Amino acid sequence: QVQLVESGGGLVQPGGFLQLSCVVSGNIERRYTLGWFRQAPGKQRELVADISERGITSYQDSVKDRFTIHRNTPENMVYLHMTDLKPEDTAVYYCNYRGSTTYWGQGTRVTVSS
């Protein structure tokens, strides 16, 4: 079992920034990908960004140049630094672990509104 706990969500004005954090614990494998997904009201959950154990990253087109994912492997942490936030970024953000099995965090809500 792997546990993931997110933090850092909240209310922010358009153009603002937030950093989400996720701590990973449990039976962590040597090779795994960590990612951030989000789900807006009435929409399907979608990948925002992910990072492999080698540090290879990928991003959804709508967040490129605004969001940055990075991981601290020794501390089993993954972060999502979000800048220039837009109302359409409003969603519940989920931390995701993909190894031989996939695990999810409970989610943290991000609301972008003036």
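The values are calculated or read from the model by the stated rules, or taken from the named source; none is laboratory data. Bear in mind that the values here come from a model prediction, so they are computed numbers and not experimental data. Note that we place each Cβ from the backbone using ideal geometry, even for glycine, and neighbour counts take in every protein chain shown. Just the protein is used for accessible areas: all its heavy atoms, side chains included, with ligands, DNA and RNA removed. Shrake-Rupley method; radii C 1.70, N 1.55, O 1.52, S 1.80 Å.
Things worth noting here:
- Calculated accessible area for the chain comes out at 54 Å² per residue, all protein chains present (probe 1.4 Å; ligands, DNA, RNA ignored).
- In a DSSP loop and with at most 14 other Cβ atoms within 10 Å, the GluC sites (Glu not before Pro) in region 49-101 are E53, E75.
- Within the chain, longest stretch clear of exposed trypsin sites (Lys or Arg not before Pro) (DSSP loop, no more than 11 other Cβ within 10 Å): 65-114
- Building the convex hull from the alpha-carbon atoms of the chain and averaging its projection over directions returns 6.6 nm².
- Region 1-49 - percent of accessible surface contributed by carbon and sulfur, probe 1.4 Å: 49 percent
- Antiparallel DSSP beta bridges within region 54-114, percent to nearest 5: 100 percent
- Net charge dipole, the chain: roughly 160 debye, given to the nearest 20, about the Cα centre with Cβ charges of +1 for Lys and Arg and -1 for Asp and Glu.
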